[in-house]
1. Please report, in whole Å³, the volume per residue of the convex hull around the C-alpha atoms of segment 109-181.
2. Using amide H atoms built 1.01 Å from N in the peptide plane, name the residues 5+ places from THR182, or on other chains, whose amide H lies under 5 Å from its own.
3. Among the listed pairs LYS75/LYS179; LYS75/LYS163; LYS13/LYS163; LYS41/LYS163; LYS163/LYS189; LYS17/LYS75, which have their C-alpha atoms separated by more than 19 angstrom in this model?
4. Any chance you could run the full-extension gain for GLN32 through VAL113? It's 0.36 nm times the residue separation minus the Cα-Cα distance, nm to one decimal.
5. At 222 nm, what value in deg cm²/dmol follows for the chain if DSSP H runs of at least 4 each add -39500 (n - 2.57) and the sum is divided by all its residues, to the nearest 500?
6. Based on Cβ point charges of +1 for Lys and Arg and -1 for Asp and Glu, what charge dipole magnitude is obtained for the chain about its Cα centre, in debye rounded to the nearest 20?
7. Note down the relative contact order for segment 109-181 as a percent, whole number, built from C-alpha pairs under 8 angstrom at least six residues apart.
8. Under 10 Å, Cα contacts only: if you run a Gaussian network model on the chain, which one of GLY174, GLY43, GLY61 comes out with the highest mean-square fluctuation?
Amino acid sequence: MSLDIRVGTLLVKTARKAIQIFLERGEIMDAQNTDDILSEKRGVFVTLNTYPNMMLRGCIGFPYPIMPLMEAVIKAAVSAAVNDPRFPPLTRGELDNVVVEVSVLTPPEEITVSKPAELVREIVIGRDGLIIESNEGSGLLLPQVAVEEGWDAEEFLTHLCIKAGLRPTYWLEGRAIIKRFTAQIFAEKAPNGDVVEVPLGAARC
């Protein structure tokens, strides 16, 4: 279900508030709401970018709809701030210099093909995010990554394998499940500023 800007704004502002509360008090805020759409289980990623140079500062989420939307946003926001292994934990002072972005995901669906090489024809760059699942590793790349990097479908699959710690051509071996999803993205224009819906190709993670 598509979300309107009212809901998107609420999600982004809630993500910022959740981070602030955790950094100031070490507490996870309660997900209190009465809106049915906020109680639906959805996959979510929260991304933090430094301002104004928009360098990635944290990105963590839940690819599958395992918890209500508002709860997922709160938990993903805190994790993006303090648990992303690529970065040191965000400080309270830094929070005033990052923009918050929330990506709400559609449920991942398996891409079914008769031969692995046919996967490239099933992937739409700028729409699809990808998940790879196997006994040897798993990984995810959000839809916007392929656009930002200028990858075609084959390169997207190759880098998906690398992200999962697999051989670059693992997707051609027929031993993995490849899933796709898309996302609706909302982000602040400036720290604690107005929230807008972001085209997939302009988002970051």
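1. Each residue corresponds to 70 Å³ of Cα convex hull volume.
2. THR106, GLY129
3. Details: LYS75/LYS179 24 Å; LYS75/LYS163 23 Å; LYS13/LYS163 30 Å; LYS41/LYS163 26 Å; LYS163/LYS189 29 Å; LYS17/LYS75 12 Å.
Violating the 19 Å limit, Cα to Cα: LYS75/LYS179; LYS75/LYS163; LYS13/LYS163; LYS41/LYS163; LYS163/LYS189.
4. Working: separation 81, 0.36 × 81 = 29.16 nm, distance 4.25 nm.
Length difference between fully extended and current span is 24.9 nm.
5. On the way: 6 runs with 61 residues, N = 205.
Computed mean residue ellipticity for the chain: -9000 deg cm²/dmol.
6. Dipole magnitude for the chain comes out near 280 debye.
7. Values: 118 pairs, mean separation 30.5, N = 73.
Value for segment 109-181: 42 percent.
8. GLY174
We did not get these values from a lab; they are worked out from the coordinates using the rules stated. All figures in this text were calculated on a predicted structure; none of them were measured in a lab. Virtual Cβ from ideal backbone geometry, glycine too; neighbours counted across all protein chains shown.
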